[in-house]
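What follows is one structure encoded as structure tokens, with my remarks underneath.
The values are calculated or read from the model by the stated rules, or taken from the named source; none is laboratory data. None of the values given here were measured: they were computed from a predicted structure. Heads up, the Cβs are rebuilt from the backbone with ideal geometry, glycines too, and the neighbour counts pull from every protein chain shown.
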Amino acid sequence: MLLAAMTALFVGVGYLIGGPTGMAVALAFALVGNLISYWNADKIVLSMYKAQEVQADHPDARVRTYASDVREMAQRAGMPVPKIAIIEGDQPNAFATGRDPSHAAVAATTGLLTMLDRREIRAVMGHELAHVKNRDTLTMTVTATIAGAISALANFAFFFGGNNRERPGGFIGVIAIMILAPMAAALVQMAISRGREYEADAGGAEISGDPQALASALQKIDAYARGGRVNIQAERNPATAHMFIINPLNGHGADNLFSTHPSTSNRVAALTARFGGKHAAPAQPEELVSPRRNRPQGPWDQPQSRKPGPWG
């Protein structure tokens, strides 16, 4: 329904501003730009975040366990094993990218591997695998293409054929369309992004088999983001914020029109309603100061694996 609404918006705005020719030109520009990005999405994003692909002989036991769990969940979900990468960063977070399940990549920050326990890390990566399995990158590319075309139409409004006075509303109408059309397209695009997050939460809970761990992980990641853990790369590239499991820019996601992520409380409530049971308690303030304190030990917590990883 949302994709249909965005398509109708494009057709209507395109006809009002540029007529059939204007619509075709704007759509062509948007398609070229988005196809280039879509075809090389995994390489572009991994390079942008300086992600390192995890090899089987990685020296850090935590990283090897993380990669092993991702491979095991992907195989159990009946999907190709994606590229598995790590990103240096204190903020716990993760994302998925790639044009299809056969050309996908998932990445976790070093903060995620340090601050969450194994169950929670598995649940987070199950969420990212669900994005890949659901082909959400394709969905978001389609919405980005249409939104880009609408923005292009608005930007080219003064240059397409016809006299401004002959259009509905005259010059003032054109100005209104230039401002409101891209805003409306962005709102629909954000609504689609929020919807895909809810679906990935449900799919991730099924892939990991642990909805309680996913609820706990969402709360902890949100708490760390609000507690001042900054994702420097995301701040430099805010257009990629929607890719992460939790908004990496400020941690203040909410279910409002201008948010790319649903509120964490709503996501936890949706998981609880769908899978039942009580979710784990969120991270406490002292855990934000010392994330390892009183944390359940995972296989990477053996004495020999406590040495710093390659990120120092």
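Quick check: anything in the stretch 291-309 surrounded by 14 or more Cβ atoms within 10 Å (Cβ to Cβ), among the aromatic types (F, W, Y) and modelled with pLDDT under 75? Yes; the residues of the stretch 291-309 include at least one that is surrounded by 14 or more Cβ atoms within 10 Å (Cβ to Cβ), among the aromatic types (F, W, Y) and modelled with pLDDT under 75.
Name the residues in the stretch 59-85 that are without any contact (Cβ under 8 Å) to a residue 60 or more places away in the chain and either touching a Cys at 6+ places or on another chain (Cβ under 7 Å) or not in a helix (DSSP H, G or I) (or both), would you? If the condition is that a residue be without any contact (Cβ under 8 Å) to a residue 60 or more places away in the chain and either touching a Cys at 6+ places or on another chain (Cβ under 7 Å) or not in a helix (DSSP H, G or I) (or both), then G78, M79, P80, V81, P82, K83, I84, A85 are the ones that fit. Just one of the listed residues (D42, D69, D60) is in contact with a Lys or Arg (Cβ under 9 Å, 6 or more places away or on another chain) and either at pLDDT below 80 or surrounded by fewer than 14 Cβ atoms within 10 Å (Cβ to Cβ) (or both), namely D42.
For the residues A77, A85, A26, A51, the requirement of being over 17 Å from the mean Cα position of the chain (by Cα) and either among the aromatic types (F, W, Y) or more than 18 Å from G203 (Cβ to Cβ) (or both) singles out A26.
Listed conditions (1) more than 24 Å from M178 (Cα to Cα); (2) exposed (fewer than 13 other Cβ atoms within 10 Å of the Cβ) are all met by P20, apart from (1). Residues that are touching a strand residue (DSSP E or B) at 6+ places or on another chain (Cβ under 8 Å) and either among the basic types (K, R) or more than 18 Å from I121 (Cβ to Cβ) (or both) within the stretch 50-78 comprise K50, R71, listed in sequence order. In this structure, is D255 in contact with a Lys or Arg (Cβ under 9 Å, 6 or more places away or on another chain), at pLDDT 85 or above and among the acidic types (D, E)? Spelling it out, it is not the case that D255 is in contact with a Lys or Arg (Cβ under 9 Å, 6 or more places away or on another chain), at pLDDT 85 or above and among the acidic types (D, E).
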